[in-house]
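Report on the structure given below.
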Amino acid sequence: MPKRILEGVVVSDKGDKTVVVKVERTFLHPVLKKTVRRSKKYHAHDEANVYKAGERARIIECAPKSKLKTWEVLPKAASQEA
C-alpha cells in the first residue's frame with residue numbers, strides 16, 4: 001500500500017525536530033449537499049528544523065517516531081515543485 005502524502009500549513013515549530021501541520025480537506029455533506037471544510041493537525045518529524053510557522057509543507061506517512069509523530073516532512077525542494 002502506498003504511503004499517503006498530505007499538504008498543509010505549519011502552525012507550530014516550537015518542538016525540536018518537530019512541526020505541527022494543519023491539513024484542511026473539503027467534502028460534500030451527505031444530507032445538505034453543501035461543501036464542508038474540516039481540518040486536522042498532524043505532528044511531523046523535521047530532522048533539519050527547516051520549516052517555520054506559516055509555510056506550506058508536504059508530509060508523508062512513516063513508522064512511528066514517538067507517541068504522536070507518525071509523519072515526516074518532505075524536503076523543501078520536493079514540496080515546492082508541485
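Table: residues versus (1) surrounded by 13 or more Cβ atoms within 10 Å (Cβ to Cβ); (2) in a loop (DSSP other than H, G, I, E, B).
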residue: Val11; (1), (2): yes, no
residue: Val19; (1), (2): yes, no
residue: Glu24; (1), (2): no, no
residue: Leu32; (1), (2): no, yes
residue: Arg37; (1), (2): no, no
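Suppose the filter is modelled with pLDDT under 95, open to solvent by 60 Å² or more (accessible area, probe 1.4 Å) and closer than 19 Å to Lys3 by Cβ; does Ala77 pass it?
Criteria met by Ala77.
Which members of segment 39-74 meet the condition of being touching a helix residue (DSSP H, G or I) at 6+ places or on another chain (Cβ under 8 Å), within 14 Å of Lys14 (Cα to Cα) and open to solvent by 60 Å² or more (accessible area, probe 1.4 Å)?
Selection gives Val50 alone.
The values are calculated or read from the model by the stated rules, or taken from the named source; none is laboratory data. Every value quoted in this text rests on a predicted model; they were computed, and no experiment measured them. Cβ sites come from the backbone with ideal geometry, for glycine too, and all protein chains shown count toward neighbours. Accessible surface is based on the protein model in full, side chains and every heavy atom, while ligands, DNA and RNA are left aside. Shrake-Rupley method; radii C 1.70, N 1.55, O 1.52, S 1.80 Å.
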